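Take a look at the structure set out below.
The values are calculated or read from the model by the stated rules, or taken from the named source; none is laboratory data. Computed from a predicted model, the values in this text were never measured in an experiment. Quick reminder, even Gly has a Cβ in these numbers, built from the backbone with ideal geometry, and neighbours come from all protein chains shown. Just the protein is used for accessible areas: all its heavy atoms, side chains included, with ligands, DNA and RNA removed. Shrake-Rupley method; radii C 1.70, N 1.55, O 1.52, S 1.80 Å.
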Amino acid sequence: MTVPKKRVVVLLSGRGSNMGALVEAAKSPDYPAEIVAVISDKANAGGLGLAHEHGIPAIAVPRQGHADKAAHEAAVIAAIEAAEPDLVCLAGYMRLLSADFCERFAGRMINIHPSLLPLFPGLDTHARALAAGVRLHGASVHFVTFEMDGGPIIAQGAVPVSADDTPDSLAARVLKAEHHLYPHALRLVLDGKARFEEGRTVFAGIEPADDAVRLIAPAIA
Ligand code: GAR
């Protein structure tokens, strides 16, 4: 089935494997997104090359060369808006966003984070999960609000933690889950099945509990 595609801009800072997963999903005619632009704050981000390989316009808007954070954000916002997106996906975009930035895209910007939020916001999530001794770890996709990694959750993918896991082995298992989770969560939002309302995620036409259960098995298959 062919569906109308909504315009999605991806922001990243690194290798771009989650962006790649979104691009792969978007190749399907029945997937409701088209990735129309990729923007990075790092000129050497691997994700820029990957986007180019897929024929997607990709530009760097580095922090260097802008007087302050506000000037840099203004340039990033201008680049986003030039692509006229319906939705913005943060995919390893490693910058704290100002309240103004978050407000401008409220309900239209989502992020993926490598933990089962609200556990382990911030950095080094895999080492912290191992140190805490959790038996389940994973990733979350949430609407972006000013609270870092704190916005309302759209979907989560869980993976088991093995006794002999290292941060790297656990990160690899979670990343595999991320590549399944992010396209799924983006689809929920673009289909109107998960939307941002008064600081919460409101679901329509799906049972969030069933959805959560479905996101366990594929992650470890
Ligand atoms: C992903 O694991 C993503 O969840 C994480 O950065 C990585 C980017 O990898 N994001 C955060 O930590 C945001 N708080 P990728 O460039 O291969 O997609």
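Every residue in region 120-156 that is free of Cβ contacts under 8 Å to residues at least 40 places away in the same chain and part of a loop (DSSP other than H, G, I, E, B), please.
Result: 120, 121, 122, 123, 133, 134, 135, 147, 149, 150.
Report, by residue number, each residue of region 5-15 that is over 19 Å from residue 73 (Cβ atoms) and open to solvent by less than 10 Å² (accessible area, probe 1.4 Å).
Within region 5-15, just 8 meets the criteria.
So, residue 124, is that one farther than 26 Å from residue 33 by Cα, open to solvent by 50 Å² or more (accessible area, probe 1.4 Å) and near the ligand (Cβ under 10 Å from one of its atoms) or not?
yes
If you check residue 84 against the conditions, is it charged (D, E, K, R), loosely packed, with under 14 Cβ neighbours inside 10 Å and within 16 Å of the ligand (Cβ to nearest atom)?
It is false that residue 84 is charged (D, E, K, R), loosely packed, with under 14 Cβ neighbours inside 10 Å and within 16 Å of the ligand (Cβ to nearest atom).
Out of all the residues in region 1-32, which are more than 16 Å from the ligand (Cβ to nearest atom) and in contact (Cβ under 8 Å) with a residue 40 or more places away in the chain?
6, 7, 31, 32
Which pairs have Cβ atoms under 8 Å, sit 6 or more apart or on different chains, and link a residue in region 49-61 that is farther than 15 Å from residue 27 by Cα and of a type in the set (A, V, I, L, M) to one that is at pLDDT below 95 and surrounded by 19 or more Cβ atoms within 10 Å (Cβ to Cβ)?
From region 49-61, no pairs qualify.
Of the conditions (1) more than 17 Å from residue 210 (Cα to Cα); (2) under 16 Å from the mean Cα position of the chain (by Cα); (3) within 16 Å of the ligand (Cβ to nearest atom); (4) open to solvent by less than 30 Å² (accessible area, probe 1.4 Å), residue 165 fails just one. Which one is it?
Evaluating residue 165 over (1) more than 17 Å from residue 210 (Cα to Cα); (2) under 16 Å from the mean Cα position of the chain (by Cα); (3) within 16 Å of the ligand (Cβ to nearest atom); (4) open to solvent by less than 30 Å² (accessible area, probe 1.4 Å) leaves (2) as the failure.
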